[in-house]
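The values are calculated or read from the model by the stated rules, or taken from the named source; none is laboratory data. These numbers were taken from a predicted model, which means no experiment stands behind them. Glycine gets a Cβ as well: all are built from the backbone with ideal geometry, and neighbour counts include every protein chain shown. Side chains included, ligands, DNA and RNA excluded: accessible areas come from the protein's heavy atoms. Shrake-Rupley method; radii C 1.70, N 1.55, O 1.52, S 1.80 Å.
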Amino acid sequence: MFDVGFWEFALIGVIALIIVGPERMPSIARSAGRYAGKAKRFIAKIQDDVSEELDVEKFKDQLSAMDKDSNIIEILDETKDTINDIKNDVNSDKT
């Protein structure tokens with residue numbers, strides 16, 4: 001995401017140490033870590049929700065395709081029945 005390396009973190013740490021002092025640095029570092037963890041979990045949850053929603057959309061598309069296939073099969077079955085009825089009528093008229 002961000003292209004931040006070791007030296008950038010070290011520079012930020014030194015600046016923070018100078019600004020807040022060594023007494024408050026551990027508590028600020030804990031707070032920053034806590035917030036970073038919360039942000040990471042929040043982003044992971046959003047990614048899971050989006051992924052789950054995409055899976056639901058794919059499932060809906062598959063069900064829709066299956067319904068279309070099912071309708072085609074029903075139409076073919078009805079057509080076969082009608083053709084058989086016509087054949088039977090023609091055969092009964094011949095005799």
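In degrees, nearest 10, range 0 to 90: what is the angle between the Cα axis of helix 25-94 and the longest Cα principal axis of the chain? Compared with the principal axis, the helix lies near 0 degrees. Think of the chain as a dipole: +1 on every Lys or Arg Cβ, -1 on every Asp or Glu Cβ, centred on the Cα centre; then among Met25, Ile72, Thr82, Met25 lies furthest on the positive end.
Springs between Cα atoms under 10 Å define the GNM used for the chain, and in it the highest mean-square fluctuation of Lys80, Lys38, Lys68 occurs at Lys80.
A simple spin-label model places pseudo-atoms 7 Å from Cα toward Cβ; at Arg41 and Met66 they are separated by 3.7 nm.
How much accessible area per residue does the chain have, counting only protein heavy atoms and a probe of 1.4 Å, in square angstrom? If you can, show how the numbers build up before the last one.
On the way: 8880 Å² over 95 residues.
Ligands and nucleic acids excluded, the result is 93 Å² per residue.
Here the accessible area of the chain is 62 percent carbon and sulfur, with a 1.4 angstrom probe and all protein chains present.
Rounded to the nearest 500, the 222 nm mean residue ellipticity of the chain from helices alone is -33000 deg cm²/dmol, with -39,500 (n - 2.57) taken per DSSP H run of at least 4 residues.
When the chain is treated as a GNM with alpha-carbon contacts under 10 Å, the residue of Asp85, Asp49, Asp67 showing the greatest mean-square fluctuation is Asp85. Only one item in (i) 12.3, 40; (ii) 13.8, 43; (iii) 34.3, 110 matches Rg and Dmax of the Cα atoms in Å derived from the coordinates shown, and that item is (iii).
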